[in-house]
Amino acid sequence: MSTALGPLEIPGLDNASTLQEIVWAHIRQRFDRMNSSTSTAIPPHHHGFEKRVADVKAPKSDINALILDYLTMEGYPKAAAKFCKEANLQPQQLDSSIQARQSIMHSIHSGDIETAISALNELDPELLDTNPELHFALLRLQLVELIRQCHGRDPTPAVEFATKNLGPRAAAHREFLPDLEQTMALIIFPHDKLRPELAALLSSDLRRNTAAKVNEAVLVRQNQRREAAIRQLVRMRAWAETSARSDKLDLPETLDFGLHAEGAESRHDGGHEPMITT
């Protein structure tokens, strides 16, 4: 198992600007297809519920607001600004605020945690002081990156960092101790023979999850919602289906969330993951 992990990349994308344009364009096209007359034609043999769904037309203004909300909350400032001009909408947040969050998340995704912490302190000097759990999560991720760099070499820098920065916090907050002990085990065991719970620490998922926590914490401090509205809507839709099936209401055997390209399976040939909704 290789432990080398560079910045998160998506095959076929040259830069962040391309990614931003694809994000909003894909969402826009998807909603356009969902509301077009051709995409809502339901064959006669389909369930009546699907016909009722197809007859519901979401206002274009609501769809545009939902797309802009997603781009803003998830930290795509250039795409949000471009979409505002196209849809004739007012920005939901200042571009500088979105840019700052995007920069911090990019540093975390790239494994440059020291830069992320510095930028976060500059953006909001009180955030980490008032959120010890988030501060510990960032420092723990920084320790993981140090251990990754030291693998096969002298682990002293990682040990010293843990002793200075994480040890005192784990002593003050005993609930942090298991996470610290688990992370330090990466120094002892070969990285190609780790148990699943230890191997997960070297996965890009830890970076993604930590970046999401930071983004949420910044939004809360700025008196914003914690996440994009579309994620709340997806969860509400899942809850509604579960409730309806529990009450034995007449529904099709399966209901597509509509988050994949038309004709695509849950994971298509290109190997890309579907939209994360939880």
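Normalised per residue, the accessible area of the stretch 89-212 is 53 Å², obtained with a 1.4 Å probe and no contribution from ligands, DNA or RNA.
For Asp112 and Asp129, the difference between the fully extended length at 0.36 nm per residue and the C-alpha to C-alpha distance is 4.1 nm. Taking each residue as 0.36 nm, the span from Ala185 to Arg153 lengthens on full extension beyond its C-alpha to C-alpha distance by 10.0 nm. Once both labels are positioned 7 Å from their Cα atoms along Cα-to-Cβ, the gap between Asp205 and Glu160 label points is 3.4 nm. Label positions at Glu216 and Glu50, each projected 7 Å from the Cα along the C-beta direction, are separated by 3.5 nm.
Between their Cα atoms, which of Lys164/Lys213; Lys57/Lys78; Lys57/Lys213; Lys78/Lys164; Lys78/Lys193 are more than 32 Å away from each other? Violating the 32 Å limit, Cα to Cα: Lys57/Lys213; Lys78/Lys164; Lys78/Lys193. The fraction of accessible area contributed by carbon and sulfur in the stretch 96-136 is 46 percent, rounded to a whole number (1.4 Å probe; ligands and nucleic acids excluded).
The values are calculated or read from the model by the stated rules, or taken from the named source; none is laboratory data. For clarity, every value in this text was computed on a predicted model and none was experimentally measured. When we count neighbours, we look across all protein chains shown, and the Cβ atoms used for this are built from the backbone with ideal geometry, even at glycine. Please note that ligands, DNA and RNA were not included when accessible areas were found on the heavy atoms of the full protein model with its side chains. Shrake-Rupley method; radii C 1.70, N 1.55, O 1.52, S 1.80 Å.
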